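Working notes for the structure below.
Please treat every number below as a calculation from the coordinates, not as lab data. As the structure is a computational prediction, the values presented were derived from the model and not from experiment. Every residue, glycine as well, gets a Cβ built from its backbone with ideal geometry; the counts of neighbours run over all protein chains shown.
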Amino acid sequence: MTATAARPTASTVASRASFGGLLHSEWTKLRSVRSTGWSLGLLALLYPSFTALLVGLTVANWDQTAASDRSLIASDPTAVILGSGFLISQPAICVLGVMVIASEYSTGMIRASLLAKPRRLSMLAAKGAVLSLVVLAVSLVAAFVSFFIGAAMLSEKVAASLGDPGALRAVVGTGLYLAMLSLFSLAIGAIVRRTAAGITSVIMFVLVLAPLVQLLPGKFGEYAHAYLPTEAGLLIGQAIQHEGDLLTPWQGFGVFGLWTAALLVLAAFLLNRRDA
Amino acid sequence: MIEAKNLTKRYGDKVAVKDLSFTVGPGKVTGFLGPNGAGKSTTMRLILGLDHPDRGTATIDGKRYRELTTPLAAVGALLEAKAVHPGRTAYNHLLCLAQSQGISKKRIYEVLDLVGLSEVAHKRAGGFSLGMGQRLGLAAALLGDPAVLVLDEPVNGLDPEGILWIRTFMRQLAAEGRTVFVSSHLMNEMAVTAEHLIIIGRGSLIADCPTQEFIEQGKKQTVLVRSPNAGELAAAITRAGGAVTRNDDNELSVEDMDATRIGEIASAGGHVLHEVVPQRGTLEEAFMALTRESVEYAGTGSTREADAPKSGGGAE
C-alpha cells in the first residue's frame, strides 16, 4: 500500500452544519448497532405476547374470579389489556435508552462524536429526538396490536373497543409512555455514563423501587407514590381515572414529563461541563 | 495553525498541564514529545475541546474548537485506536460522522481507500486489529479534508510496514500545506518524522525547536578517559577548557573537548592513558537527560524513574 495524496476529488467535501445533519447522524448510529434491534424487537415481541398470555389467563380464570374483581375489569378493560403487556416489556426500553449514550462512553465513541459535534447540547437533543421518535413508532404498533389481540380474547367476557371513552388515548398513551421512558433512561445514561450502572439503576427504579413506595404508610406514601415519575406516567395507560388515583391520566403523564425534563436538563448541564 | 496559550489543566490534585504555550505552524510535521504521563494527550484533548482547561486557551486558526461550525473540515484528529463502537461497521462509523456535517458518501469511500480499508468497509470494527483501528481513526480524521491534523501516538500498535506508511503519509500531508501535530514518546521515531519538536515534561514546556537543532545538541560528544593519574589529568584538562566529571578513582568523563586534544594534554603532562573512548550519546539519551533536567530544574521533587521514557509501546 502506498501513501497517496489525501486531497479529495472535487466537491466530495462540501461540509455544512445543520440540525438535520445531526438527526441523520444519530439515526445512523442508532440503526447500525445490534442492541437497538434487540431492544425494539424484544419490545415488539414481548408486549403482544404477554398481553395474550395474561388476558388469556384472566379469561380462563373468569369463573373463579370474585365479582368485585370482575366489575373492576369491566370498568376499564383497556387498562387490563394494555397493563399486562407493556409493564413487562418496558425494561427493553430502559436498556435501549441507557445504551444509546452510555455505550458511547464505554467504547470511546463519545470522543469521535464530540469531535464531529462539539456543540454538545445539540448532539444530546438530536439523540433524544431520534431515540424517542423511533421508540414511539415501534411502541405504537406494539400497543395497537396488543390492544386488538387482548380485546378479541376478552370479548366473550367483557367488550372492549377503541371507541370506549379514553381507550384510544390509553393505547396511544402507552406509546407515549415508552417514548418518555426512553428519554428518562437516556438522561440517566448521560448522567451515569456507565452502561451496567445506568441500566441497573433505571430498571431497579422502574420495576422495584417506584412500585414499593406504595407500601409506605399514610398520606405520605400515597402522595410520594403518585408523583414518582414512572408511577405517575403509567396512568396514561388507563382509559379512566380510577378510584384512589390522585392524578388524571394526562396529569400523571405531565408529572413524568417534568421529571424527565429535569433529568435531561441535569444531563445537559453535566455533558457540557464535564471532560469527555 | 494551532495556538496554545498558558494552558493549565488539573485533575484533582494532579497538575497535568502547567502554563503551556506554543504554536504549531502549517506545512510541516511538528512532533509533540514527552515521556509517558507528561501531559501530551491532555494537551491534545484541550486543543480539541474534549476537556476544559482550568486556565488559558487553545485555538485552531484563531477559533476555539467548540466554535467551529464544521469541525471535521477544519481539524482531523486521531486520539486513540478504538474510539469506535465495536458493533458498528467501518463504513457506518464514518457515515455517522460524515452526516453530522453534510460530507458526501463518496468521500467516505475515498478515505477508506486512502487508508487501505476498502475491503473491510462493511465489517464490524470490533474485529479489527490495532493497526486497522488506527487506520480507521485516520480515515475519520481525513473525512473533512482538514487543514489541521492532530494525531496522538499514531504509530502505536502498527507493524514496521504500517509505521513506514504512516510516516510517509504524515510527511505528505504536511507537504500539502497542512498543519500536522503528532505526539509520541519515542524520540527516535520523531527524529525521522518531524521537522519541528515541542518537548514537554510533567506538563511544562522543555524545548520548542527545529528537530535538526535538537539533534545537534544530542550529538554533543563525551569522551571516556581511563588513567591511573586521573586526578592530575582532570586538573590539566580543566585548565585547557574541558568539562570533567570524575566517575571513579581512575575514570573521567570529558565534555567540550575531543579525544585528540585529550591525548595531547596527557602526553604533555606525562600522564599515562589506559583508555580514551569518544562516546556518542543517542538521541534517546539526550531526550531523557533533557526531560530529567527539566524536572530537577523545576524543583518539583525527586526524579522518578517511572517518568523516564520507555522504548517500548504503550500509550499514556
Notebook entry, point to check: When the dipole is taken about the Cα centre of chain B, and only Lys, Arg (+1) and Asp, Glu (-1) are charged at their Cβ, what size is it in debye, to the nearest 20?
Noted result: 1400
Next item on the list: Calculate one ³J(HN,Hα) per residue across the range A:108-115 by plugging θ = phi - 60° into the Karplus curve 6.51 cos²θ - 1.76 cosθ + 1.60, and present them in order as whole Hz with x for glycine and proline.
Entry: x, 4, 4, 5, 4, 4, 6, 5
Check: For A:16-23, what's the mean count of beta carbons from other chains sitting within 10 Å of each residue's beta carbon?
Finding: 4
Notebook entry, point to check: Which whole number gives the average count of other chain Cβ atoms within 10 Å of the Cβ atoms across peptide B:106-119?
Noted result: 3
Margin query: Apply the Karplus curve 6.51 cos²θ - 1.76 cosθ + 1.60, θ = phi - 60°, to the phi angles in the range B:66-77 and return the couplings in whole Hz, x for Gly and Pro.
Written below: 5, 8, 6, 7, 10, x, 5, 7, 9, 9, x, 10
Check: Taking the Cα centre of each part, how many Å lie between the range B:18-47 and the range B:97-121?
Finding: 28
Margin query: Roughly how far apart, in whole Å, are the Cα centres of the range B:243-259 and the range B:139-189?
Written below: 41
Note to self: Please enumerate, by chain and number, the lysines with C-alpha under 18 Å from the C-alpha of B:Lys18, excluding those fewer than 8 residues away in the same chain.
What the structure shows: B:Lys5, B:Lys9, B:Lys40
